[in-house]
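J.: Encoded as structure tokens, here's the structure I'll be asking about.
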Amino acid sequence: MIRLGIFAGIHGDEPEGTLALGRLLRLLEQDSQIARGYALFLYPLCNPTGLAAGTRESQTGKDLNREFWRNSAEPEVRFLESEIYSHAFDGIITLHSDDTSDGLYGFVNGAVLSENLLAPALRAGEKYLPRDRRHIIDGFPANNGIIYRSYDGVLRSVPGLSRPPFELTLETPQRAPLYLQVEAFVIALRTVLNEYRALISIGQNI
Ligand SMILES: [Zn+2]
């Protein structure tokens, strides 16, 4: 089984990803084949106090997405680090929404093939929303909506692994209609599930 962790809502004012994981769960109830070959670990609500208050930060005023693997004392971060460490995921996906962007984009980290998963995911999401094709997004150089760097302290895999998992962050344009963001997230996630399953089975046949 491929172990995949999907995380949403680490920023409390971005409920779009949380809603998308709820929608994905309902689809899985109707058709479990969507996740064939996977053990899915869904974390739809990583910052509960922020969501309740509608703030990016948690109730302690911390941006939790800058606290990972830095000996943080924040309980949400410690819990999630322990999940990430103990499950040894093959892939980690995080969902965000950006109110300064008008299109879909994403970050890649970890395994080299991360880029080969994000590209088709963004392409699939374009059924619902345009892609952000600016050359600079969020202060980082970007190529067709793909960014190869990220902030220190973001939710990601254990640093320094010799065989890191693939790591993707998907970002929707937060000012777009909510249902389109949810649909774009869901089709992008389904695309990653299909693409990675195919990549793994090709690898096993060689
Ligand atoms: Zn965010």
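J.: Condition first: at pLDDT 95 or above and outside any helix (DSSP H, G or I). Can you find one or more residues in the stretch 182-205 that meet it?
T.: Within the stretch 182-205 (the criterion being at pLDDT 95 or above and outside any helix (DSSP H, G or I)), the answer is no, since none of the residues qualifies.
J.: Which ranges mark the strands (runs of 3 or more DSSP E) fully within the stretch 26-124 that have 1 or more residues being more than 18 Å from THR191 (Cα to Cα) and hydrophobic (A, V, I, L, M, F, W, C)?
T.: In the stretch 26-124, no matching strands (runs of 3 or more DSSP E) lie anywhere.
J.: May I ask you to say which residue of ASN71, ASN116, ASN47 is within 16 Å of the ligand (Cβ to nearest atom) and of a type in the set (S, T, N, Q)?
T.: From the options ASN71, ASN116, ASN47, the qualifying one is ASN47.
J.: Please verify whether GLU16 is within 16 Å of the ligand (Cβ to nearest atom), in contact (Cβ under 8 Å) with a residue 60 or more places away in the chain and not in a strand (DSSP E or B), treating the condition exactly as stated.
T.: So GLU16 fits the description; yes.
J.: Going through ALA88, ALA8, ALA53 one at a time, which residue ends up being surrounded by 15 or more Cβ atoms within 10 Å (Cβ to Cβ), touching a residue at least 40 places away in the same chain (Cβ under 8 Å) and hydrophobic (A, V, I, L, M, F, W, C)?
T.: After applying the criteria, what remains is ALA8.
J.: Given the options THR94, THR100, name the one that is within 24 Å of GLY37 (Cα to Cα) and within 16 Å of the ligand (Cβ to nearest atom).
T.: THR94
J.: Give the residue, chosen from ALA176, ALA121, that is of a type in the set (Gly, Ala, Ser), buried (at least 18 other Cβ atoms within 10 Å of the Cβ) and under 13 Å from LEU95 (Cβ atoms).
T.: Exactly one residue qualifies, and that residue is ALA121.
The values are calculated or read from the model by the stated rules, or taken from the named source; none is laboratory data. Note that the structure is predicted; figures quoted are calculated from it, not measured. Note: ideal-geometry Cβ built from the backbone for every residue, glycine included; neighbour counts use all protein chains shown.
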